[in-house]
1. Of the residues A:F120, A:F249, A:F97, which exhibits the maximal mean-square fluctuation in a Gaussian network model of chain A defined by a 10 Å Cα contact cut-off?
2. Between A:V268 and A:R325, what FRET efficiency follows from the Cβ-Cβ distance if R0 is 25 Å, with the result rounded to 0.05?
3. Take the alpha carbon atoms of the range A:283-335, find their center, do the same for the range B:360-398, and report the distance between the two centers in whole angstrom.
4. With every protein chain left in place, what is the accessible area of A:E142 in Å² (1.4 Å probe, nearest 10)?
5. Would you tell me the accessible area of A:F267, worked out with a 1.4 angstrom probe on the heavy atoms of the protein chains, in Å² to the nearest 10?
6. Going by a ≥ b ≥ c, the root eigenvalues of the Cα gyration tensor, does the range A:224-290 fall in the rounded group (a/c under 1.5), the prolate group (a/b larger than b/c) or the oblate group?
7. Using a 10 angstrom cutoff on alpha carbons, build the Gaussian network for chain A and name the most mobile of A:G67, A:G305, A:G131.
8. Considering only C-alpha atoms, what is the centroid distance from the range A:151-210 to the range B:83-148, in Å?
Amino acid sequence: MFGFELSFIWAGIIAFAVLTYVVLDGFDLGIGLLFPLTDDEEERSVMMNSVSPVWDGNETWLVLGGGGLFAVFPLAYAIVMPALYMPIILMLLALVFRGVAFEYRWRTERWKPLWDMAFFGGSLTAAMCQGIALGALVQGIEIEGRAYAGGWWDWLTPFSVLCGVAVTIGYAMLGATWLNMKLEGRIQRHMHSLAWPFAIGTVICMGAVSIWTPFLDSVYFSRWFSWPQAAWSAVVPVLLAGAVAGLFFGLRKKQEVRPFLCAQALFVLGFIGIGISFYPMMVPPSLSIVDAAAPDESLRFALVGTVVLVPMILIYTAYAYWVFRGKVDPAEGYH
Amino acid sequence: MFDGFSAELLARFQFAFTVSFHIIFPAFSIGLASYLAVLNALWLKTGNETYKVLFEYWKKIFAVAFAMGVVSGIVMSYQFGTNWSVFSDLAGPVIGPLMAYEVLSAFFLEAGFLGIMLFGRERVGPGLHMLATAVVAFGTLLSATWILSVNSWMHTPAGFSINEVGQFVPEDWWAIVFNPSFPYRLVHMVLAAYLTTALVVGAVGALHLLRDRYDMASRKMFSMAMWMLIVTTPLQIVAGDFHGINTLEHQPAKIMAMEGHYKSYEDGAPLYLFGIPNAEEKRLDYAVAIPKLGSFILKHDFNAPMPGLDTIPDDEEPPVAIVFFSFRIMVGLGFAMLGLAGWALVQRLRGRIYEATWLHRAAVVMGPTGFIAVLAGWVTTEVGRQPYTVYGLMRTSDSLSPIEAPAVAASLTAFIIVYFFVFGAGTYYLLRMMYKPVKEISKKAFRDEGPIRTSGITPIAQRLPRDEETA
């Protein structure tokens, strides 16, 4: 009886998992992006320690996004993964480098700079690939029957590269505003000064992507520019303007929490904007949420556990953040 | 580098390569997480500082192994889609939800509490820190449970129907999760993880005993590891036997390949200790056999008839040589472990467990054998499933993504280079950490963390004179 609604509930849950991933892992990828902007070894250590206890949980949302897609939209998964073969593989390899850097960097003196580079390179490549994958999905994926039918380089276009750059600069902004919140003294001032250019860059890139997107597809265009849908869609840019104002106001007033929250709001609103363009497609232009869904039995079985477990995950994740709340103590860390 | 290989062969090789690397780390971290929980609990219960020192020592090793397990696991979770998209589309409705449950119930639990376990002792107090450690250990076991359910379903599919587009549609989740081979596989794998860890801990303990046989921490870890070995090895051999009987029931071709039974035996099959499978002429060259023992082991009857590969169509036959040899490596190492366990038991009864230097040397040599046995076991069971991904129903060649060989070759090359570099470095760091005497770590541990206060909060003023306290 829930057949129709179930697939939409699941689309919402997957979207939530991906958004949570972006919100949580975005800033810790951003920290890697900021690594080359300081020569101070101590500073890098403190930066990394600000996320060491939580990064692993953050990254798990990516596994839920992919695993969830596999579980409840196997057809979409089977089409998207080969279509984005190269950016996905590159991202995975980048995450390998980045993930081990958290441990390896403390295990060696001689090769520390190498693992710092791995942390930066891994974060950069992962961020770029995520943005490119998003852009490639937005511009549409060619399908024939139940399989991907496009070429191996379809994902690489000016639009997808722009999305890659936008996400990368945006993550750097998240990282800088996070560190501005978590650190003190000289390092905090450094991060505060870095937050400015990345925030400006993010706003410019988001603007460019937003202007470009409606012209990719007539469906997108009508969502944003034809009455009466446009009246609802217009709420998003209005809120975005508010978030941008809050971000710059907060940075100017040297506030700590507000710039970070407003920076996150930019990502959340951008994500909602993509959702407005997509609905009710799973893989534009032709695979809808309903068509991509697994049989009802799968959706129902997975939903029972998800409804119970996701709130629990959110609670203990919040607890973990609570345990490590406050400013980072430079002397702390088990290494 | 891979000219002339088909996309399918390259994709299979890529999966085998990445999964082989991945399996090593969970095999270690499942056992180590439980070991850490036991150490922490014993420390809380007895107040004996040796347990805490050992906890701190193995905690860092665990963290490195866990990080490698996480990153190699993320790769696995996406590889179904990149290289095996047809399989993902068709089998996804059944195995996808199980894997989603693994993420929801186990991955998040491990990742969420790992930070508290590694960094949070001073922040949350001993009780909650113990809880976090136990939760991480529980998470690793839960993760193993789900993934083995998935894997077992691919070997012994149950509880489904097939719809008009060819998708497996779940009918009975109970039958899917608790499919016929799942309990055997789960027990076999968890015991293997505990054995592997016991062998590593035992080897490290033995190494340090060889340098200083009076070191309390080394004695403690060697003793605990040998107890684990003494209890687990016989259990594992029994579990393996049960698993074999289960496999005979559901995947007879795999057993035929494992045993080297090219032909059928009417009245009792031999057990081949050694031989070289000859695929051309379908027989075992240079065979060394014990008559009738094969039937006895598999059917507990010396004269039971055993069908051979001659009863299986050629295109359903698994690659015999790989399965035959990997099985022998696993079993051979299993009996070597039993030998070590027996030796340790004898020395313990003689009261010489900390003085028996030859035992210690043997334990050091045996240190890595758990990993080799685990890999050999996986090769046996996975290659033995071929030519199917879902046994009897979906062929490997029909599971592949619509993908070109050069793309798979390029990604495979990248995986090989990255894995050898990254995990090579990780293994080097692990070995170096294990080579360090426990005493060095313990001094540092006490200096870093100071004594634990009952409230869990150490006032800064009291943290300062910590060097004197350990001196």
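The values are calculated or read from the model by the stated rules, or taken from the named source; none is laboratory data. Bear in mind that the values here come from a model prediction, so they are computed numbers and not experimental data. Methodologically, a virtual Cβ is constructed for each residue, glycine included, from the backbone with ideal geometry; neighbour enumeration extends over all protein chains shown. Quick note on the areas: whole protein, heavy atoms, side chains included, nothing else; ligands and nucleic acids left out. Shrake-Rupley method; radii C 1.70, N 1.55, O 1.52, S 1.80 Å.
1. Of A:F120, A:F249, A:F97, the Gaussian network model singles out A:F249 as fluctuating most.
2. Calculated transfer efficiency: 0.70.
3. 32 Å
4. 100 Å²
5. Its accessible surface works out to 30 Å², give or take rounding.
6. Oblate is the answer for the range A:224-290, as a/c is 1.5 or above yet b/c matches or exceeds a/b.
7. Its mean-square fluctuation being the largest, the pick is A:G305.
8. Centre-to-centre (Cα) distance: 31 Å.
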